[in-house]
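Enquirer: Just dropping this structure here.
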Amino acid sequence: PTRIVVVGGVAAGMSAAARARRLDERAQIIVFEKDRYVSFANCGLPYHISGDIRDREDLLVVTPDDLSRRLNLEVYTEHEVIRIDRVAKTVKVRDQRNDSVLKEHYDKLILATGATPLRPSMPGVDHPYIFTLRNIPDMDAIKAVVDAGVFSAIVVGGGYIGVEMAEALRRRGLRVDLVEQSDQIMASLDPEMSRDLAYHMESYGVHVTLGKGVREFRGEDGRVEVRLDEDDVRFADMAILAVGVRPEVKLAREAGLEIGRCGGIRVDVHMRTSDPSIYAAGDAVEVRDAITGEWTLMPLAGPANRQGRIAADHIFGRESRYRRSQGSSILKVFDMTGGGTGVSEKSLRRAGIHYRKVYVHPNGHAAYYPGTHPMHLKLLFTADSGHLLGAQAVGFDGVDKRIDVLATAIHAGMTVYDLEELELSYAPPYGSAKDPVNIAGFVAANLLRGDVTPWYAEEWPALAEQGGVLIDLRTAKEFAAWSIPGAINIPIGELRGRIDELDEYRDNGLYLYCLSGFRSYLGVRQLTQNGFKRVYNLSGGVKTFMAYH
Ligand code: FAD
């Protein structure tokens, strides 16, 4: 029988081991995990700290005993693999309970060693009340301090773990500071899309500081002093460091396996490393970006599970392939949801890929049925064929399903014209007869067909300085409350009767806008059919403009 050794017993490792058993009842499958827990729910850790998941045991999805009984896996916890001998096809394993060392032979080895939280080497970073969160012991340590009744925390890092932890600690009643070095939280989104999430955190009392990095930590036991750029000093009872993860590749590197430019293990489409007897899967590997084709790291649970399964498939002769990674991800921020799939605008710019974009703000479900709010939805697509490149959505209800429909559309290679035609389920509590995904498709297809030419919030104030005339098509009341400086107000209902007023600006370029882009779209259609040539519609309207300025 084939002897498979798996290193790492969480998402990728356990998926590989379980799949291997389903494919071969006779295989000998041995899993080594250096920690005390296997197959636990890392993604659930913040929610036990917050109190949402009350019972700690709920996070321990299966125990080594279950795995032995149900799947006939040999699972050894507190066993660290410390060396791979590729010639002899053996691994050296340290039993941490008694510090003894054993040797195990493999026919196929699967490295699912995951990733480790970054702990930047800076003064004071080893303070006992500075925590990272990756596994059950980390969670227990944080929760013990919170349960003991500390009053305040500083979360360093505005990625999803930082944001989830800020929410968890705030909900436990702590005063929470979130500090992020870049100018936005949730780097997977574009800055204007993440902005409402940061405001929303603030509305719940999380103090969000952007654009300041940590220089050093100080402090005695029980009190952490965090020194930021610009001599900004913060104090708290504890700090959470959530500044990213690094692939855990020590074993692979020492064994001479190929490591990629991003620091992850290089694998082929079957998850095979540079040694055909050794596979790797999960956060430890590099993947190719689905859109740009570049090597990248995408430490997410879905890819980890799929990759583990594919490695096992290939070991048993199946041709399963891991296609590229799309980076579909989603985050709960108090009452809001933000997520994205495919590539962001900033990544497209970096990669030098030509693209077009639209913003729309449809409601999560029918406006007349209670409980809905407009979402920000952004679509990125190719300028010629309209193939989808990326999508992001931020809002309250129905964000998750739109992200997933768009993730499926990107995976299927669809265009914005396909989105116009998608037949999606509808009843008032769940959606609209024209679903937000259809609406994004209409607006994007209108752009590509030349029915309307957009202008973008980031082009202001330059376009006004160049003589462009701004026309606000909202009501007089909306205009009085706030308008883009220099704009002229012509409510959409009055436009037909007042077209003559715009004659003098015929050659200037008319930059129309309204709250979300629909009334101004109607305005563009009226004016272009009246012979105006240079008429543009603000994509996403005031709602997107506000997110930029
Ligand atoms: P891991 O889960 O890290 O498992 C690797 C295991 O290998 C570890 O247990 C480690 O101890 C063990 N190991 C390493 N080296 C050795 C060795 N030499 N010998 C023996 N054992 C070894 N992803 C999402 O998609 N959505 C989410 O909402 C989400 N939330 C998250 C929240 C938190 C707090 C965290 C920490 C992660 C979250 N993730 C989320 C990421 C997701 O958990 C990871 O992508 C996934 O767990 C990766 O699986 P993996 O098996 O590659 O690595």
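What follows is calculated from the coordinates using simple rules that are stated; it is not laboratory data. This one's a predicted model, so the numbers in the text were calculated from it and none came from an experiment. Please note: Cβ atoms are built from the backbone with ideal geometry, for glycine as well, and neighbour counts cover all protein chains shown.
Enquirer: Where the centroid of each part is defined by its Cα atoms, how far is segment 28-48 from segment 406-421 in Å?
Expert: After rounding, the separation between the Cα centres reads 36 Å.
Enquirer: Can you work out ³J(HN,Hα) from phi for every residue in segment 223-228, in order, using Karplus 6.51 cos²θ - 1.76 cosθ + 1.60 and θ = phi - 60°, giving whole Hz and x for Gly and Pro?
Expert: 9, 10, 10, 10, 9, 9
Enquirer: Would you mind ranking Arg350, Arg54, Arg21, Arg227 so that the residue whose beta carbon has the fewest other beta carbons within 10 Å leads the list?
Expert: On the way: Arg350 12, Arg54 9, Arg21 19, Arg227 16.
The fewest-first ordering by Cβ neighbours comes to Arg54, Arg350, Arg227, Arg21.
Enquirer: Also, I was wondering about something else. Give the residue list of trypsin sites (Lys or Arg not before Pro) in segment 110-200 that are DSSP loop and have at most 15 other beta-carbon atoms within 10 angstrom.
Expert: Values: sites: Arg134, Lys143, Arg170, Arg171, Arg172, Arg175, Arg195; in loops: Arg134, Arg172.
Passing sites in segment 110-200 do not exist.
Enquirer: Shifting gears a bit: Give me the dipole magnitude in Debye, nearest 20, for segment 403-512 about the Cα centre, with unit charges on the beta carbon: positive for Lys and Arg, negative for Asp and Glu. Don't skip to the end; give the middle numbers.
Expert: On the way: 7 positive and 18 negative charges, 50 e Å.
Roughly 240 debye for segment 403-512.
Enquirer: On a C-alpha basis, how far is the centre of segment 156-170 from the centre of segment 426-495 in Å? Whole number, if you could?
Expert: After rounding, the separation between the Cα centres reads 34 Å.
Enquirer: For Val62, what residues show an amide H to amide H distance below 5 Å, using hydrogens built from the backbone and excluding near sequence neighbours?
Expert: When sequence neighbours closer than 5 places are left aside, there are no close amide H contacts.
Enquirer: Here's another thing I want to ask about it. Given N residues in segment 284-443, what is its alpha carbon radius of gyration divided by 2.2 N^0.38 Å?
Expert: Numbers: Rg = 16.8 Å, N = 160, 2.2 N^0.38 = 15.1 Å.
For segment 284-443, the normalised Cα radius of gyration is 1.11.
Enquirer: Per-residue HN-Hα couplings for segment 81-91, Karplus 6.51 cos²θ - 1.76 cosθ + 1.60 at θ = phi - 60°, whole Hz, x for Gly and Pro?
Expert: Going residue by residue, I get 6, 10, 7, 10, 9, 6, 6, 7, 6, 10, 10 Hz, with x marking Gly and Pro.
Enquirer: Applying the Karplus parametrisation 6.51 cos²θ - 1.76 cosθ + 1.60 with θ = phi - 60° to the phi angles of segment 153-167, what ³J(HN,Hα) value in whole Hz is obtained for each residue in order, glycine and proline being reported as x?
Expert: 9, 10, 9, 9, x, x, x, 5, 5, x, 5, 4, 5, 4, 5
Enquirer: Hey, if you put +1 on the Cβ of every Lys and Arg and -1 on every Asp and Glu Cβ in the chain, which of Ser182, Tyr511, Ala281 ends up farthest toward the positive end of that dipole?
Expert: The Cα lying farthest towards the positive end belongs to Ala281.
Enquirer: Out of all DSSP beta bridges in the chain, what portion is antiparallel? Express it as a percent rounded to 5. Provide the component values of the computation, followed by the final result.
Expert: On the way: 53 of 98 bridges.
Rounded to the nearest five, the antiparallel share is 55 percent.
Enquirer: Calculate how large, on average over all directions, the projected area of the Cα convex hull of the chain is; give the answer in nm² to one decimal.
Expert: Details: hull surface 114.9 nm².
For the Cα atoms of the chain, the hull's average projected area reads 28.7 nm².
Enquirer: Let me ask something else. Have a look at Gly124, Gly531, Ala16 and report the one farthest towards the positive end of the charge dipole of the chain, computed about the Cα centre with Cβ charges (Lys/Arg +1, Asp/Glu -1).
Expert: It is Ala16.
Enquirer: Here's another thing I want to ask about it. Using a Cα-Cα cut-off of under 13 Å, which aspartates and glutamates could be cross-linked to Lys89, ignoring same-chain neighbours fewer than 8 residues away?
Expert: Glu104, Asp107, Asp275
Enquirer: OK, next. For a footprinting-style exposure proxy, rank Phe381, Phe32 by other Cβ within 10 Å, fewest first.
Expert: Details: Phe381 29, Phe32 25.
Sorted ascending by nearby Cβ count, the order is Phe32, Phe381.
Enquirer: Given charges of +1 on the Cβ of Lys and Arg and -1 on the Cβ of Asp and Glu, with all other atoms neutral, how large is the dipole of the chain about its Cα centre, in debye to the nearest 20? Mind showing how you got there, number by number?
Expert: Values: 67 positive and 74 negative charges, 256 e Å.
Charge dipole of the chain: 1220 debye, to the nearest 20.
Enquirer: If you don't mind, there's one more thing I want to ask. Assuming 0.36 nm per residue, please report the length gained on full extension of the stretch Leu422 to Gln466 beyond their Cα-Cα distance. Write out the running numbers ahead of the final one.
Expert: Details: separation 44, 0.36 × 44 = 15.84 nm, distance 4.06 nm.
Full extension of this stretch gives 11.8 nm more.
Enquirer: Around Thr116, which amide H atoms from residues at least 5 apart in sequence, or from another chain, sit under 5 Å from its own amide H, with H modelled in the peptide plane?
Expert: Long-range HN contacts for Thr116: Arg246, Glu248.
Enquirer: Compute the helix-to-body angle for 436-449: its Cα long axis versus the longest principal axis of the chain, expressed 0 to 90° and rounded to tens.
Expert: 60 degrees
Enquirer: Could you put Ser121, Ser50 in order, starting from the residue whose Cβ has the fewest other Cβ atoms within 10 Å? Each step should come with its number before you reach the end.
Expert: Working: Ser121 7, Ser50 18.
Arranged by neighbour count, lowest to highest, Ser121, Ser50 become Ser121, Ser50.
Enquirer: For Thr453, which sequence-distant residues (separation of 5 or more, or a different chain) have an amide H within less than 5 Å of its own amide H, given hydrogens modelled in the peptide plane?
Expert: Asn537
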